[in-house]
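Enquirer: This is the structure I have questions about; it appears just below.
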Amino acid sequence: MKNSKRVALVVETSKAFGRGLLQSISRYAHLHGRWALSFEERGLDDPLPDGLTAEQYDGIILRTRLQSQMRAVLQTSIPTVCVGEENPPGTFAVGCDETICSELAAEHLVERNFRHFGFVGMAGYVWSDRRRDAFVRFVRDAGFDCSVIEPNGDDRRIKTWEPIRNQLEDWIVNLPKPIGVMCCYDVMARVVLEVCEGQSISVPEDVAVIGVDNDEVLCEVSQPPLSSVMHDTKQIGFEAAAMLDKLMRGETVSPSVIVAPTGVKTRRSTETLAIEDRDIAAAVAFIRRHACDGIEVNDVVDRVPLSRRTFERRFREQVGHSPLAEISHVRMTRVKQFLIETDLKLDAVAAHSGFRNTPYMAAQFRKTFGVTPGQFRCQARD
């Protein structure tokens, strides 16, 4: 394009975070200027593209975790904005607010009544250290202790997860239960989930797990689906593009912009209340897994060594409502999920959510939420 700015996007396409940045940067380019964007498929540790010279490009947006690559790009004198986690001093950079990430995760777990906490980090990574320090500080300010483990990778890259799993197994088995655990990012959180499964540790009833990045695919395929802190990649990409735009125009620019995360995406890995009574915790876990199979309260009573009267009393004391109300809550949550995420007809929604007939499901839904299932679906998609 004539008179357009030539911009190299050296950002990974292998992760949801990088792809989110690329989408946002491209939107800025389309709306605010004539940019000729250049990018290629890459990972965070891949070699730099060839031809990153001032003759070829007017600007670069760079995301890599290798300091040598950052130095090489910065030596070109091309206006550059870094969007990595460990940017060299003096660079123009846009990044995430690691402190708020950890505070959101800690608050999420404290609200679920956890009194024991853990943090799984990555040894040797500044961004992991920041998240660790903020999480531990928040937990301790709330009056609780936090157990920390930081498994060692191989030369700052994890070429196999087996050593990590081996280090985590003993740690997780010996943690006080129930416990809320923050992991420095989603990939590590998924490893924690796998370790818990291998050790027959119930998630989220015994160990609730939350990650960071909210990689939708990774979080959804995890077992159970993983809760995660959501970075605002839309805003980070926009700020990075706006900063580069000013640099290419020769304008004065603030050297650093920090963008707060947007919140926590709650999934099943933290959908619980921490319950010290292990019989009731087991009952809640059974309900969460089987409420949509059409179970009744008697089916739950059969799973615990308690009389129905004692069970119902202790359940109310620990959970705050009856077992029947918990079953209904799980079913209604599933109904909402089906209405939002699928086009299933109401008969199928009722069947998949544990209701014996559709009219009863619809009546209960309206009683709970004040609208019919059809109205809710329409509102959710507006």
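The values are calculated or read from the model by the stated rules, or taken from the named source; none is laboratory data. Here the structure is a predicted model, which means the values were calculated and not measured. Note that we place each Cβ from the backbone using ideal geometry, even for glycine, and neighbour counts take in every protein chain shown. Heavy atoms of the whole protein, side chains included, go into the accessibility calculation; ligands, DNA and RNA do not. Shrake-Rupley method; radii C 1.70, N 1.55, O 1.52, S 1.80 Å.
Enquirer: Which one is farthest from residue 57 (Cα to Cα) among residues in region 27-38 that are at pLDDT 90 or above and open to solvent by 30 Å² or more (accessible area, probe 1.4 Å)?
Expert: Within region 27-38, the match that is farthest from residue 57 (Cα to Cα) is 27.
Enquirer: Still on this model: Applying the selection to region 339-354, what residues are among the aliphatic types (A, V, I, L, M) and outside any loop (DSSP other than H, G, I, E, B)?
Expert: 339, 340, 346, 348, 349, 350, 351
Enquirer: Scan region 300-337 for residues that are assigned to a loop (DSSP other than H, G, I, E, B) and farther than 25 Å from residue 223 by Cβ and report the count. Spell out how you get there, then give the answer.
Expert: In the first step, residues of region 300-337 are kept if they are assigned to a loop (DSSP other than H, G, I, E, B); the result is 302-307, 320-322.
If we keep only those that are farther than 25 Å from residue 223 by Cβ as well, we get 302, 305-307, 320-322.
Summing the residues that are assigned to a loop (DSSP other than H, G, I, E, B) and farther than 25 Å from residue 223 by Cβ in region 300-337 gives 7.
Enquirer: Does residue 88 count as in a loop (DSSP other than H, G, I, E, B), open to solvent by less than 70 Å² (accessible area, probe 1.4 Å) and within 23 Å of residue 258 (Cβ to Cβ)?
Expert: yes
Enquirer: Looking only at region 240-280, count every residue that is among the small types (Gly, Ala, Ser) and closer than 30 Å to residue 315 by Cα and tell me the total.
Expert: 2
For (1) open to solvent by less than 30 Å² (accessible area, probe 1.4 Å); (2) assigned to a loop (DSSP other than H, G, I, E, B); (3) of a type in the set (D, E, K, R); (4) closer than 22 Å to residue 271 by Cα, each residue gets a yes or a no:
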position: 292; (1), (2), (3), (4): yes, no, no, yes
position: 295; (1), (2), (3), (4): yes, yes, no, yes
position: 298; (1), (2), (3), (4): no, no, no, no
position: 356; (1), (2), (3), (4): no, yes, yes, no
position: 368; (1), (2), (3), (4): no, no, no, yes
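Enquirer: Taking the conditions exactly as written (touching a Phe, Trp or Tyr at 6+ places or on another chain (Cβ under 8 Å) and hydroxyl-bearing (Ser, Thr, Tyr)), does residue 53 satisfy them or not? Let's see the steps before the verdict.
Expert: On the way: touching a Phe, Trp or Tyr at 6+ places or on another chain (Cβ under 8 Å): no; hydroxyl-bearing (Ser, Thr, Tyr): yes.
Here the answer is no, as residue 53 does not meet what is asked.
Enquirer: For residue 128, indicate whether it is of a type outside the set (A, V, I, L, M) and at pLDDT below 95.
Expert: The answer is yes for residue 128.
Enquirer: Select, from 309, 303, 334, 316, the only residue that is exposed (fewer than 13 other Cβ atoms within 10 Å of the Cβ) and not hydrophobic (A, V, I, L, M, F, W, C).
Expert: 309
Enquirer: For residues in region 111-131 being open to solvent by 40 Å² or more (accessible area, probe 1.4 Å) and touching a residue at least 40 places away in the same chain (Cβ under 8 Å), which is nearest to the chain's Cα centre (by Cα)?
Expert: In the first step, residues of region 111-131 are kept if they are open to solvent by 40 Å² or more (accessible area, probe 1.4 Å); the result is 111-113, 115-116, 124, 126, 129-130.
From what is left, the residues that are touching a residue at least 40 places away in the same chain (Cβ under 8 Å) are 112-113, 115-116, 126.
Values: 112: 17, 113: 20, 115: 21, 116: 20, 126: 19 Å.
Restricting to residues being open to solvent by 40 Å² or more (accessible area, probe 1.4 Å) and touching a residue at least 40 places away in the same chain (Cβ under 8 Å), the top hit is 112.
Enquirer: Could you please let me know if residue 188 is assigned to a loop (DSSP other than H, G, I, E, B), crowded, with 21+ Cβ neighbours inside 10 Å and modelled with pLDDT under 95?
Expert: Against the criterion (assigned to a loop (DSSP other than H, G, I, E, B), crowded, with 21+ Cβ neighbours inside 10 Å and modelled with pLDDT under 95), residue 188 does not qualify.
Enquirer: Kindly provide the set of residues from region 213-231 that are free of Cβ contacts under 8 Å to residues at least 40 places away in the same chain and either small (Gly, Ala, Ser) or within 22 Å of residue 128 (Cα to Cα) (or both), ordered by number. Before you say what the answer is, go through the steps one by one.
Expert: Of all residues in region 213-231, those free of Cβ contacts under 8 Å to residues at least 40 places away in the same chain come to 221, 223, 230.
Correct list: 230 only.
Enquirer: Mind listing whichever residues of region 322-343 are over 22 Å from the mean Cα position of the chain (by Cα), over 11 Å from residue 365 (Cα atoms) and of a type in the set (Val, Ile, Thr)?
Expert: Listed by number, the residues that qualify are 327, 342.
Enquirer: For region 207-262, which strands (runs of 3 or more DSSP E) that fit wholly inside it have 1 or more residues that are buried (at least 17 other Cβ atoms within 10 Å of the Cβ) and of a type in the set (S, T, N, Q)?
Expert: Where strands (runs of 3 or more DSSP E) fall fully within region 207-262 and carry at least 1 residues being buried (at least 17 other Cβ atoms within 10 Å of the Cβ) and of a type in the set (S, T, N, Q), they are 227-230.
Enquirer: Give the number of residues within region 100-118 that are among the hydrophobic types (A, V, I, L, M, F, W, C), within 17 Å of residue 85 (Cβ to Cβ) and touching a helix residue (DSSP H, G or I) at 6+ places or on another chain (Cβ under 7 Å).
Expert: Selection size over region 100-118: 2.
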